[in-house]
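Input: a single structure, listed below in structure tokens.
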Amino acid sequence: MKLLLNKCKLFFIIPNFWFFLLIIGMSILYGYQKIVTLEPQSTHVWRQTDCTSIAKNYYQYGMDFKNPEIHFLGSDEKTSGYCVGEFPIIYYAVAGLYHVFGPYDFIFRLFNLLIFFLGLFALFKVISEVLGDYFWAIGISALFFCSPVIVFYANNFLPNVAAISLVFIAWYFFIRYNRSRSVLNLTLSIAFFTGAGLLKITSLLSAIPLFGVLLLEASSIIKYLGYKRAVFTHTKISLGLFFSSALIIYLWYQHAILYNASHDSVYFSTHTWPLWSLTDIEINAIINKVNIIWMQEYWHSSVLFLLSILLITAVWKWRHFNLFFRYMIFTMMLGVIAYILLWFMAFGNHDYYVIDILVWGIFILVAFMDYFKQKHPKWFKYKGLKILFTLFLALNIAYAKNKIELRYGGWMNNLGNISVLNQMGEYLESLGVGKNDKVISIPDPSPNHSLYLINRKGWTDLYGWTDSKEKIEKLIHLGATHLIINDENVLKERPYLKEFTQQELGNKNGVFVYKLNL
């Protein structure tokens, strides 16, 4: 009995336990137990249903990995949904799980959430190894989980947080390689970086500088910079692995571009949206939108202020910081600037594009605490500072909780009557709208939101393909058999629809279903 009590006591003092206790507690506070059961909704439901649509189509149409498709028939002259963005491994894996557990949205959310928790745990282990202090490792990792965009998209369908999670896992194995010089750990590290790059090329903001270190060592330049201990001891193997990784990522994106081109699809972006392609009016509009709406979703202003102060301090005390951290902070800053300039237009409407940049903030925090540890060890261990940081963390947890509640209960989740469609599958079938019938679903500015909810292929308002009588007739010629309207006001706003609403099959909860005939 005494031995059992000692083991329990040991378990409760293990840092891993306290890390998971805090993260689970935060997840419950954020309402994850309820959110995980929800269908796609709230911020950027457009992109969410793109992801769920690919997974559902894999599940329903033969698990053909090389031919991802969506419900929206926007390819091959409006006859197919074949298109691709990121490497579809997550969608394919989720579709596989659908075959085991059923095609439920919570399966998708749980899958991404599991990847995130593994990545967050890897981040905790990396910081523990670097700083040698479990309090700061838990605290900094938890602070990353206080970013509203992370809190929202971790328990969601987009691959952005999963990509960053793989980056954290890659760094975990790289730290192990740096300590053990095991080629296996190096291989695993680069493999996870590769996976992250296949999901989101922009997630490699911290991996590219690491590759730069390898090139500096291979050319012996790093010796002149004052770095005495080699970061890579297997130069040729490391170069081979990095170049193989770069080749795999390059080949995938080239394939994605060719795949979309072969199906005449322009939906998924496989290009940049640079600042210099915009007018001054467009640039100012994006800046205003970021300042007014999105900035507060990145982190609480206290975190942004703290990071600014720490960055200024790092520049002031530059020579006292660890050389590796100096290099990473500077090169990542250049990467962040290039990223913002190259994808500037995306930041206006896509809050999740900032996720990759948040990693730079983590590097700044860890670098500063490493500086404290080396130059001011008393402050590093000072309990008063840790209590202050605990209060700071509590403030940010409360802030993130408030933000996630607003995302699901506020204006960001005002989707009109379209969400009712989630319960319409069986009803549509009872009206004779078969699962293989092609439909026109309006009003819906997105490609897949309404179509995914009713699980029917077809067309929406995207690209203005339903804004005239002639365009509706063209879609009927392409196979549209039914018109589904989720807001009757659209009949007043678009009088040309009257001709196509003569054969009403039924209406329920504000959703009207019509048979289409020419």
Val511 long-range amide H proximity, modeled H, under 5 Å: none
Contour minus end-to-end for Ile14 and Lys289, with contour as 0.36 nm per residue of separation and end-to-end as the Cα-Cα distance? 94.5 nm
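What Kirkwood hydrodynamic radius, in Å, does the chain give when the mean of 1/r is taken over all pairs of distinct Cα atoms and then inverted?
Radius from the Kirkwood sum: 25.1 Å.
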Relative to the compact-globule scaling 2.2 N^0.38 Å, provide the ratio for the alpha-carbon radius of gyration of the range 418-503. 1.00
How much of Phe65 can a 1.4 Å solvent probe reach, expressed as accessible area in Å² and rounded to 10? 60 Å²
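From largest accessible area down, sort Tyr172, Tyr399; use a 1.4 Å probe on the protein chains.
Tyr172, Tyr399
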Once the Cβ-Cβ distance between Thr235 and Glu129 is put in as r, and R0 is 22 Å, what FRET efficiency do you end up with, to the nearest 0.05? 0.40
Heavy atoms only, 1.4 Å probe, whole protein assembly: order Tyr82, Tyr153 by accessible area, highest first. Tyr82, Tyr153
Might you work out the accessible area of Arg176 for me, using a 1.4 Å probe with all protein chains in place, and round it to the nearest 10 Å²? 110 Å²
Which whole-angstrom value gives the distance between the alpha carbon centres of the range 11-45 and the range 362-392? 26 Å
Just the accessible area per residue of the chain, please: how many Å² with a 1.4 Å probe? 46 Å²
Hey, got the Cα dimensions of the range 248-391 along the principal axes, in Å, largest first? 63, 38, 26
Over the heavy atoms of Glu69, what accessible area does a 1.4 Å probe trace out, to the nearest 10 Å²? 20 Å²
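Got a number for carbon plus sulfur as a percent of the range 320-362's accessible area, 1.4 Å probe? Don't skip to the answer; put the middle values down first.
Numbers: 1140 of 1470 Å².
After summing per-atom areas, the C and S share lands at 78 percent.
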Report for the chain the percent antiparallel among DSSP-assigned beta bridges with both residues inside it, nearest 5. 55 percent
Using Cα centres only, tell me the gap between the range 255-299 and the range 489-507 in whole Å. 35 Å
When the label point is put 7 Å from the Cα of Ser219 along its Cα-to-beta-carbon vector, which residues of the range 305-343 have a backbone N closer than 12 Å? none
Mind pulling the angle between the C-alpha long axis of helix 235-262 and the longest principal axis of the chain? Nearest 10 degrees, somewhere in 0 to 90. 10 degrees
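FRET efficiency for Tyr104 and Lys383, Cβ-Cβ distance as r, R0 = 45 Å, nearest 0.05?
Numbers: r = 47 Å, r/R0 = 1.04.
E(calc), rounded to 0.05, equals 0.45.
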CD proxy at 222 nm, helix term only [per DSSP H run n ≥ 4: -39500 (n - 2.57); per residue of the chain; nearest 500]: -19500 deg cm²/dmol
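The values are calculated or read from the model by the stated rules, or taken from the named source; none is laboratory data. From a predicted model like this one, the values you see are computed outputs, not experimental measurements. Positions of Cβ are generated from backbone atoms using ideal geometry, with glycine treated the same way; all protein chains shown enter the neighbour counts. With ligands, DNA and RNA removed, areas are computed over all heavy atoms of the protein, side chains included. Shrake-Rupley method; radii C 1.70, N 1.55, O 1.52, S 1.80 Å.
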